[in-house]
Amino acid sequence: MRTLFRKLWNDDRGNALILGAAALPLLIGSAGLAPHTIQWALWKRQLQRAADSAAIAGVYDRFANEGATTNTAAAVAHDLELNHHTNIALHTGYPIIDYPADAGNNRNQVKVDLAIRRSLSFSGMFMTEAPLIRTSATAAAVQNSGRFCVLSLQNNSKTGLQATGNASIVMDCGMMTNSTATNAAAGQGSGNVTATTLAASGGIQQSNNWDIDSYQPYSPALDDPYENLNPDDDDFSECSENPPALHVDNSNDGHDESGGGCYSSITVQSNRTLTLRDGLYVISGGSVNVQGTLNLVNATLVLSNHEADSPIGSLTMNASGQINATAPTTGKWSGMAIYQDRRAVDNEPTGNISANSPNLINGNSTNTIRGVVYFPNQQLTYNGTGTGAATCTQFVAKRIYWSGNSGLNNFTANCDNFGMNAIVAPLKVRLIA
């Protein structure tokens, strides 16, 4: 008998079957747990998305209520109703909502913690309870960097800022366009723009033309800082039914005007000078053409029309034209150097930047401007071989086109105490953890 058992013990036939049978529970377990693991991972991803969205919603609520948290929990709960897609009730005690203190550029912070638990049939045979799936998200309102002294109000899918030719612009402030184009700010040719910030509501394509400290594509659009500034009846008080034209030509060496006035148009011919001082100068229906020198001293030039639904003129500087402007620092027109009525019809209804801009600072102009140059519904082109100094200046226009060999050196940020509205990027809500 012992001989028979020894033979059986030493016989290795059927070992594979025995080992396979022993391993079968492991194989079955792996096959069963794999889809459960995938399901847990999917739930965690969905839960993370819900936490992200809820935290962002909480920040928007705080931002809308000047930082208060009174209604933030309700905003978070409402967002979870819309965006919690696991179809599993949150674990007891969740969501947990915290409000971390402001830190650095992060304001109105909201932290949301979520957790769910659900048993699954197969894994439930091996686990006393299902794993607790947790996620966390922290969002904040983050201040974009810098102040802007150039703002394009273009709000469609066409380019809002463009530098081409040999244009050279140097500024210690930023440029922004509300354009939603994939190339909202375009650099071409040999043009070069040096600025602290280049921001756009759309995209900004890589270009050697930009020398920028901070790129901020896909930023929130900026409001028109002067959208509430409009000429009224008092501003047209100097305008008669047929205001005179003001021409400084070869018949006189120059003209010096003080106290404000109203004209149908202004023309300054080459080698002649027109000085407008201490007041509001309205151009009703006509345009301004400068080939000589135009001085604005504590004065504002307004391109408008005292007749409703009537044409609005433009500004053209060419040849050796030059402008030296200092805007007033008090009163309704504080900070405004050159203003075009927003009723002006856009010459390019498609929104494309054009070389045929109606508003042109052109030629060998050497310009000094302190104040706002404002063309909210038309393009402004700075073209030619200009070497202007824009100190404490803002350019606000629908589209802005730097072309030719134009140069703006010492283009400095809108300075305090000169009556201008600072153009600062709004807070941007984003996830920070």
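Scanning region 169-213 for residues being within 17 Å of the chain's Cα centre (by Cα), hydroxyl-bearing (Ser, Thr, Tyr) and open to solvent by less than 30 Å² (accessible area, probe 1.4 Å) gives a total of 4.
Tell me which residues, restricted to region 143-168, are over 15 Å from the mean Cα position of the chain (by Cα) and crowded, with 22+ Cβ neighbours inside 10 Å. Residues satisfying the conditions are Gln162, Ala163, Ala167.
Determine whether region 244-252 contains at least one residue that is in a loop (DSSP other than H, G, I, E, B) and either modelled with pLDDT of 95 or more or among the small types (Gly, Ala, Ser) (or both). Checked against the condition, which is being in a loop (DSSP other than H, G, I, E, B) and either modelled with pLDDT of 95 or more or among the small types (Gly, Ala, Ser) (or both), region 244-252 yields at least one hit. Please enumerate the residues belonging to region 49-67 that are open to solvent by 40 Å² or more (accessible area, probe 1.4 Å) and closer than 19 Å to Pro426 by Cβ. Ile56, Tyr60, Phe63, Ala64, Asn65, Glu66 - these are the residues of region 49-67 that are open to solvent by 40 Å² or more (accessible area, probe 1.4 Å) and closer than 19 Å to Pro426 by Cβ. For region 99-121, the set of residues classified as open to solvent by 70 Å² or more (accessible area, probe 1.4 Å) and closer than 15 Å to Ala55 by Cβ consists of Tyr99, Arg107, listed by residue number. Scanning region 303-320 for residues that are without any contact (Cβ under 8 Å) to a residue 60 or more places away in the chain, open to solvent by less than 20 Å² (accessible area, probe 1.4 Å) and of a type in the set (Gly, Ala, Ser) yields one hit, Gly313. Return a yes/no flag: does region 85-97 have any residue that is loosely packed, with under 15 Cβ neighbours inside 10 Å, assigned to a strand (DSSP E or B) and at pLDDT 90 or above. Yes; the residues of region 85-97 include at least one that is loosely packed, with under 15 Cβ neighbours inside 10 Å, assigned to a strand (DSSP E or B) and at pLDDT 90 or above. With respect to the conditions (1) more than 22 Å from Arg134 (Cβ to Cβ); (2) outside any helix (DSSP H, G or I), Tyr60 falls short on a single one, namely (2). Being part of a strand (DSSP E or B), at pLDDT below 80 and either over 25 Å from Pro231 (Cβ atoms) or open to solvent by less than 40 Å² (accessible area, probe 1.4 Å) (or both) is the requirement here; does Asn414 meet it? No, not satisfied. Of the numbered criteria (1) more than 30 Å from Gln340 (Cα to Cα); (2) modelled with pLDDT under 90; (3) of a type outside the set (Phe, Trp, Tyr), the one Gln109 fails is (2). Just one of the listed residues (Ala186, Ala140) is under 30 Å from Arg45 (Cβ atoms), part of a strand (DSSP E or B) and touching a strand residue (DSSP E or B) at 6+ places or on another chain (Cβ under 9 Å), namely Ala140.
For region 214-228, a residue qualifies if it is open to solvent by less than 20 Å² (accessible area, probe 1.4 Å) and more than 20 Å from Gln162 (Cβ to Cβ), and exactly one does: Tyr226. Do the conditions hold for Thr393, that is, is it open to solvent by 40 Å² or more (accessible area, probe 1.4 Å), within 24 Å of the chain's Cα centre (by Cα) and at pLDDT 80 or above? Spelling it out, it is not the case that Thr393 is open to solvent by 40 Å² or more (accessible area, probe 1.4 Å), within 24 Å of the chain's Cα centre (by Cα) and at pLDDT 80 or above.
When Glu81 is tested against (1) within 24 Å of Ala130 (Cα to Cα); (2) modelled with pLDDT of 85 or more; (3) in a helix (DSSP H, G or I); (4) open to solvent by less than 80 Å² (accessible area, probe 1.4 Å), only condition (4) is not met. Regarding Leu303, is this residue under 27 Å from Gly259 (Cβ atoms) and not in a loop (DSSP other than H, G, I, E, B)? Here the answer is yes, as Leu303 does meet what is asked. Scanning region 334-345 for residues that are of a type outside the set (S, T, N, Q) and open to solvent by less than 20 Å² (accessible area, probe 1.4 Å) returns Gly335, Met336, Ala337, Ile338, Tyr339, Asp341, Ala344.
The values are calculated or read from the model by the stated rules, or taken from the named source; none is laboratory data. Model, not experiment: these values are computed from the prediction. Backbone-built Cβ (ideal geometry, glycine too); neighbour counts: all protein chains shown. In case anyone asks, the SASA skips ligands and DNA or RNA and just uses the protein heavy atoms, side chains included. Shrake-Rupley method; radii C 1.70, N 1.55, O 1.52, S 1.80 Å.
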